[in-house]
Each structure stands twice: as structure tokens, then as C-alpha cells.
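Asks: Below is a structure I'd like to ask you about.
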């Protein structure tokens, strides 16, 4: 009976939709996201466990009073709630297209003898299971470890009260995660309902990219934001922050379990500190009910909005989205003429240039990679700007200038990764048939596309800030140095690349886990040194020494790339390294 139930169309379709979140056979013939899922899940659990132990060491090592603990714990509680909210929202944003039945699924499933209601219920179940799994993975360790270490030094705390505190943390954190997840679902479904298939097809990729950039930046900026919560209060814009709402719900549900603990004998200094912090907590305590009501109302409204929009869009299975009109695809003709006349004169370089531009923005995987890179770059830039002098005509400083290489450097590192991922693996036979060994020229066109599509927009975005702080003359000099530095960085990233961008099988690096911290440290050191070089040039008022240094580095890198031993033929369908060692790919 149980085996028959597991073979029902609903269960089988639910498993199918869940596998869509994990597997992708368009990148590599051996691609299996199940192993990636296990690795990511283990990393999330272990990382949250490490963060809990690290952040909670204060409560174990220091002799804190109940009042001090109640005030200090507000920072950590806000951190965990915001972490759960942002991570689940980020997962939903990365699975943007898979949150609903897409036209490809509809084209495959609609002819089958399966009711459309069964298909919709299976898709909805898969989306719910994904959100629940992520919420549990993010909140499992903090819900046990954080409350336990929080009250570790309070012997007057009963076991029942500790269990209630753990349950409170788990329930409120999962509610915050559900709010973040449902917010993205509601946003997507509302856009689809309002815009319709044609306009949603155009707007959806940009909305997804912007959402990932914002959420990724918020995730990286979370530690400095969750600081001194009790001292700053919950007034003004802080009262409009969703994590603050759920913090109020947390404190209302916990009921002052720590702040109201019986006091044990304390020294005079401890008693004074406890009196000050207890008074501060009592002042904030009156604001918790209003925040908790906002959390409940926001969660309910988000749920009903997501459900209503989802049901409206699910009235019928989607049809294939219409193609954009020809005018939409021809409006960059002037830019193409300029690029052909000034940038890409060689036919192979021209092919690489336009193919790179098309692959970067039309492929969902590549857009996600660039969005994540942009989020990391913006977050690092914001952290650097937070302690920089941004007064009008305040002059150059190291922390101000480093924002430029951090932003475009993150984008170029992401570009270096995404050129290894094929735009459409099953279509690379066309390149194999027409290939004439012009891989260097083709890669040169791809580099020029990266400069046009990634570096120049990053410089343009930051240019008004530098005009405001440095003045027009120094800002132009800084932008020119940044462009030259980007060319040098791109040349360094492409020295060891000897394939055709966006066409070859993606084979993950086996030693990336060990090398990633080294690469990250080298990136930060390089950005800092380049900012020092720019600072020296701007203070001197002359960029010639900096340009000479960058030109020398560029020439060295170009010579290394030319003299590097290369394969006689491009291997479009490379086997994994383990297969190569065993000789199983021949």
C-alpha cells in the first residue's frame, strides 16, 4: 500500500520538481547536484555551529548579570533572525524561475494524462519543501547552541525554562525564514500576475539579478548592522525593519526569561552594571508588543499575497513565452557599429565579443554568478566606505579609493568563473565543426566584452561619488587608473585559461576548497596595493608613475600568456580529472 502511494503522480512529480532544484545536465555530462546539496547542507550546519560557538563565547567566558545578558543578547538574536530571513530569501531568489511551473515543464507535462491540479500541487509542495529544508538547516544549530550558551552561567535557570527558550528561538527564527522566503515568492508571482507573460519575460531576469545583489549585500553587511541594538533603540527607520519585528516577537514570546531571573550575590560593580542594563531593557521592553504585532501582520499578509498571486497565475499552465519583437533586439545597432570599428576588428575577436555579451545576460546560471559577484563587490565597497572620509572635496584616502578595485575586481573574478560554464553544452558541436584554432582571438574578444559590460559600468556607478569627494579632475584620473588596473587584473585572470569561453564542459576544480582562502587573501592584498598606488598618483597629481608600473605588469603577464605551453587542440568535452588520471576518457 505504501509503495503504491509513493508511485502516485503527485509524489512522482513532487520528486521531479525537487530534483530540478538540485540537478542540471546542461553543464557537464557527469553533473549531479545531489553531492553539491550534501556539501552545501553540511557547510551551512557546520558554519552556523561555528558562528554560534564563536559569538556565544562572550556569555560563557564573562561573568555577566541577567540585565547585561538580556541587553547583549538582542544583538545576537537580531543577527540570527536576519540571517534566517536573508538566507531563505536568497535561496528563493536563486531558484526564481523554478518557483513556478515554467513553459518548458508545461510543454512536457501538459500532454500527459495527469490533471493540471496535480501538477500545480506537486510544484507547490516542492517549493514548500525547499523552503522548509533551508529554514531548518539554517536554524537547527542556533536554536540549540545559542540558548544553551546564553544561560550557561545562570544556575538559577531551570531546565524547563531553557527548553522553552530553545523552542522560542526555533519557532520565531523559522517564522522569520518563512517571511523572507514568502516575500520573494509573493514578489515573483505578483509581478507575473500584473505584467503578463510578455513583459514578465523581459523584466524577470533583471528583477532576479537586482534581488540577489541586494540580498547578498545585506547578508555580507549583516554582522556590522547587528550591533548595539538596545542602545540605538527601535524608533524611526529601525521600527520598519522586518528583522526588528521578529526580534520583538522573540522577546514577547520569551517573556523576559533572562531579564527577570532572580539575582544572585553580586559585587558592587556588577550590581551597578546590572541596574543600568536592566533599566535600559525595561525601556525597550515596552516597544516589543508593537513590533511583534507587525511581525505577525507582515507574515500573514505575505502568506495571503503569495497564495493569492500563485493561485491566480496557476489558473492554467503557462504557454511558451512570446519572443521579443524585432525592434527590441535591434536597438543596439549603433553600439554594435562602434564596437566593430573601435574594439573588435578581427572576425574571431568579434565573434567572441558578441557571443560573450549574449551568454552573460541570456543564461540564468551566468546571470546568477554575476549577481553574486556584484553583491560581494558592493558589500566590500560599503564596508570600506563606512570608515572613509566622504565629505565634499575631502580629498583621496586609501579606504575611499579601494572601493573601486573591490567592486570591479569581484565582477571580473566572477567573469573568470562563468566563462568556464557553457552557455549550452549540447550546442557546442557547432563550435567544434566550425573551429579553426583561433582561441586566442576569441578569448581576446571575450575580454573586451568583460571590460565593456562589467568594468565600465562599475566605473560609471562610482564616478559621481568620486567627483563629489575628489573633484572632476582627480575623479577622471582615478577612473582612468581604474580602467588600466582592470585590464591588468583581467590579463592576470586569463593567463592560465586556454579554452574557448562558454563552450567547453565545466569541470570543477578539485583543490578549490584549499585554494579559495589563499585567492581571497591575494585579492584583498592586491586591491589594497592598487589603492595605495592610486593614492600616490592622486597626491602627486600625476599618473605617469602608476601607469608605467601597470604597463610593466601588463607586459609581463602578456609574455607569460604567449609563452605558456598550450594544448595543440581545444578539448571541448574534457573529462573529470579522476577519469584523466585513470585514462578512462580515451
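The values are calculated or read from the model by the stated rules, or taken from the named source; none is laboratory data. Note that the structure is a prediction, hence the values are computed from the model and not measured. Cβ placement follows ideal geometry from the backbone for every residue including glycine, while neighbour counts extend to all protein chains displayed.
Asks: Just to be sure before I move on: is residue 265 farther than 14 Å from residue 65 by Cβ and either out of contact with any helix residue (DSSP H, G or I) (no Cβ under 9 Å at 6 or more places or on another chain) or assigned by TED's automatic domain parsing to the domain that holds residue 163 (or both) in the structure I sent? Show your work before the answer.
Replies: Working: farther than 14 Å from residue 65 by Cβ: no; either out of contact with any helix residue (DSSP H, G or I) (no Cβ under 9 Å at 6 or more places or on another chain) or assigned by TED's automatic domain parsing to the domain that holds residue 163 (or both): yes.
For residue 265, the condition - farther than 14 Å from residue 65 by Cβ and either out of contact with any helix residue (DSSP H, G or I) (no Cβ under 9 Å at 6 or more places or on another chain) or assigned by TED's automatic domain parsing to the domain that holds residue 163 (or both) - is not met.
Asks: If you go through segment 454-475 one residue at a time, how many are touching a helix residue (DSSP H, G or I) at 6+ places or on another chain (Cβ under 7 Å) and over 14 Å from residue 407 (Cβ atoms)? Walk me through how you get there before you give the answer.
Replies: Taking segment 454-475 and keeping what is touching a helix residue (DSSP H, G or I) at 6+ places or on another chain (Cβ under 7 Å), we get 454-455, 458-459, 462-463, 466-467, 469-470, 474-475.
This time we only want the ones that are over 14 Å from residue 407 (Cβ atoms), so: 467, 469-470, 474-475.
So the answer is 5.
Asks: Filter segment 99-117 down to the residues that are assigned to a helix (DSSP H, G or I) and surrounded by fewer than 19 Cβ atoms within 10 Å (Cβ to Cβ) and list them by number. Reasoning before the result, please.
Replies: Filtering segment 99-117 down to residues assigned to a helix (DSSP H, G or I) leaves 99, 103-109, 116-117.
103, 104, 106, 107, 108, 116, 117 - these are the residues of segment 99-117 that are assigned to a helix (DSSP H, G or I) and surrounded by fewer than 19 Cβ atoms within 10 Å (Cβ to Cβ).
Asks: Let me ask something else about it. When the residues of segment 244-270 are filtered to those that are surrounded by fewer than 18 Cβ atoms within 10 Å (Cβ to Cβ) and free of Cβ contacts under 8 Å to residues at least 60 places away in the same chain, which remaining residue is nearest to residue 168 (Cα to Cα)?
Replies: Among those residues, the one meeting the criterion is 255.
Asks: Return a yes/no flag: does segment 62-70 have any residue that is over 27 Å from the mean Cα position of the chain (by Cα), at pLDDT below 75 and more than 21 Å from residue 211 (Cβ to Cβ). Even if it seems obvious, please write down each step before you answer.
Replies: Looking only at segment 62-70, we keep the residues that are over 27 Å from the mean Cα position of the chain (by Cα), and these are 62-70.
Retained after the next criterion (residues that are at pLDDT below 75): 62.
Okay, now just the ones that are also more than 21 Å from residue 211 (Cβ to Cβ), so 62.
Yes: segment 62-70 contains one or more residues that are over 27 Å from the mean Cα position of the chain (by Cα), at pLDDT below 75 and more than 21 Å from residue 211 (Cβ to Cβ).
Asks: Residue 421 - would you say it is more than 15 Å from residue 466 (Cα to Cα), assigned to a loop (DSSP other than H, G, I, E, B), touching a helix residue (DSSP H, G or I) at 6+ places or on another chain (Cβ under 9 Å) and at pLDDT below 90? Spell out how you get there, then give the answer.
Replies: Details: more than 15 Å from residue 466 (Cα to Cα): yes; assigned to a loop (DSSP other than H, G, I, E, B): yes; touching a helix residue (DSSP H, G or I) at 6+ places or on another chain (Cβ under 9 Å): yes; at pLDDT below 90: yes.
Here the answer is yes, as residue 421 does meet what is asked.
Asks: Buried (at least 16 other Cβ atoms within 10 Å of the Cβ) and either in the same structural domain as residue 301 (by TED's automatic domain parsing) or modelled with pLDDT under 90 (or both): is that true of residue 120 in this structure? Give the steps one after another, and end with the answer.
Replies: Numbers: buried (at least 16 other Cβ atoms within 10 Å of the Cβ): yes; either in the same structural domain as residue 301 (by TED's automatic domain parsing) or modelled with pLDDT under 90 (or both): yes.
So residue 120 fits the description; yes.
Asks: Considering every residue within segment 373-381, establish whether at least one is at pLDDT 85 or above, under 24 Å from residue 473 (Cα atoms) and under 22 Å from the mean Cα position of the chain (by Cα). Spell out how you get there, then give the answer.
Replies: The first filter runs over segment 373-381 and keeps only residues at pLDDT 85 or above, leaving 373-381.
Subset that is under 24 Å from residue 473 (Cα atoms): 381.
Imposing the further condition that a residue be under 22 Å from the mean Cα position of the chain (by Cα) reduces the set to 381.
Yes, segment 373-381 has at least one match.
Asks: Using beta carbons and a limit of 6 Å, which pairs, at least six apart or on different chains, have the first residue in segment 299-311 and assigned to a helix (DSSP H, G or I) and the second one at pLDDT below 95 and surrounded by fewer than 17 Cβ atoms within 10 Å (Cβ to Cβ)?
Replies: Correct list of pairs: 309/193.
Asks: Given the criteria farther than 22 Å from residue 403 by Cα and either modelled with pLDDT under 90 or in contact with a helix residue (DSSP H, G or I) (Cβ under 8 Å, 6 or more places away or on another chain) (or both), does residue 503 qualify? Walk me through it before giving the result.
Replies: Details: farther than 22 Å from residue 403 by Cα: yes; either modelled with pLDDT under 90 or in contact with a helix residue (DSSP H, G or I) (Cβ under 8 Å, 6 or more places away or on another chain) (or both): yes.
Taking the combined requirement at face value, the residue satisfies it.
Asks: Also: Just checking, which of 201, 190, 183 is surrounded by 18 or more Cβ atoms within 10 Å (Cβ to Cβ), touching a residue at least 24 places away in the same chain (Cβ under 8 Å) and assigned by TED's automatic domain parsing to the domain that holds residue 264? Give the steps one after another, and end with the answer.
Replies: Numbers: 201 fails: surrounded by 18 or more Cβ atoms within 10 Å (Cβ to Cβ); 190 fails: surrounded by 18 or more Cβ atoms within 10 Å (Cβ to Cβ).
Of the residues listed, the single one that is surrounded by 18 or more Cβ atoms within 10 Å (Cβ to Cβ), touching a residue at least 24 places away in the same chain (Cβ under 8 Å) and assigned by TED's automatic domain parsing to the domain that holds residue 264 is 183.
Asks: Okay, moving on. Are any residues in segment 538-550 within 35 Å of the chain's Cα centre (by Cα) and free of Cβ contacts under 8 Å to residues at least 24 places away in the same chain, and if so, which ones?
Replies: Of everything in segment 538-550, just one residue is within 35 Å of the chain's Cα centre (by Cα) and free of Cβ contacts under 8 Å to residues at least 24 places away in the same chain, namely 549.
Asks: Now a separate question. Taking the criterion of being more than 30 Å from residue 276 (Cα to Cα), part of a helix (DSSP H, G or I) and modelled with pLDDT under 85, would at least one residue in segment 71-92 satisfy it?
Replies: The initial filter retains those residues of segment 71-92 that are more than 30 Å from residue 276 (Cα to Cα), namely 84-92.
Then keep just the ones that are part of a helix (DSSP H, G or I); that gives 84-92.
Applying the additional criterion that residues be modelled with pLDDT under 85 yields none.
Within segment 71-92, none of the residues are more than 30 Å from residue 276 (Cα to Cα), part of a helix (DSSP H, G or I) and modelled with pLDDT under 85.
Asks: Are any residues in segment 356-368 surrounded by 18 or more Cβ atoms within 10 Å (Cβ to Cβ), assigned to a helix (DSSP H, G or I) and at pLDDT below 85, and if so, which ones?
Replies: Answer for segment 356-368, where residues must be surrounded by 18 or more Cβ atoms within 10 Å (Cβ to Cβ), assigned to a helix (DSSP H, G or I) and at pLDDT below 85: 359, 360, 366, 367, 368.
Asks: Surrounded by 14 or more Cβ atoms within 10 Å (Cβ to Cβ), in the same structural domain as residue 474 (by TED's automatic domain parsing) and either under 22 Å from residue 406 (Cα atoms) or at pLDDT below 80 (or both): which single residue out of 529, 533 fits that description?
Replies: Details: 529 fails: surrounded by 14 or more Cβ atoms within 10 Å (Cβ to Cβ).
Testing whether each residue is surrounded by 14 or more Cβ atoms within 10 Å (Cβ to Cβ), in the same structural domain as residue 474 (by TED's automatic domain parsing) and either under 22 Å from residue 406 (Cα atoms) or at pLDDT below 80 (or both) leaves just 533.
Asks: Looking at the structure I just gave you, is residue 434 modelled with pLDDT under 90 and over 24 Å from residue 457 (Cα atoms)? Give the derivation first.
Replies: Values: modelled with pLDDT under 90: yes; over 24 Å from residue 457 (Cα atoms): yes.
So residue 434 passes the test.
Asks: Listed residues 251, 283; which is assigned to a helix (DSSP H, G or I), out of contact with any helix residue (DSSP H, G or I) (no Cβ under 8 Å at 6 or more places or on another chain) and within 16 Å of residue 71 (Cα to Cα)? Lay out the reasoning, then the answer.
Replies: Values: 251 fails: out of contact with any helix residue (DSSP H, G or I) (no Cβ under 8 Å at 6 or more places or on another chain).
Testing whether each residue is assigned to a helix (DSSP H, G or I), out of contact with any helix residue (DSSP H, G or I) (no Cβ under 8 Å at 6 or more places or on another chain) and within 16 Å of residue 71 (Cα to Cα) leaves just 283.
Asks: Among the residues of segment 398-418, which ones are part of a loop (DSSP other than H, G, I, E, B) and within 15 Å of residue 494 (Cβ to Cβ)? Working first, answer last.
Replies: Of segment 398-418, the ones part of a loop (DSSP other than H, G, I, E, B) are 402.
Those that are part of a loop (DSSP other than H, G, I, E, B) and within 15 Å of residue 494 (Cβ to Cβ): none in segment 398-418.
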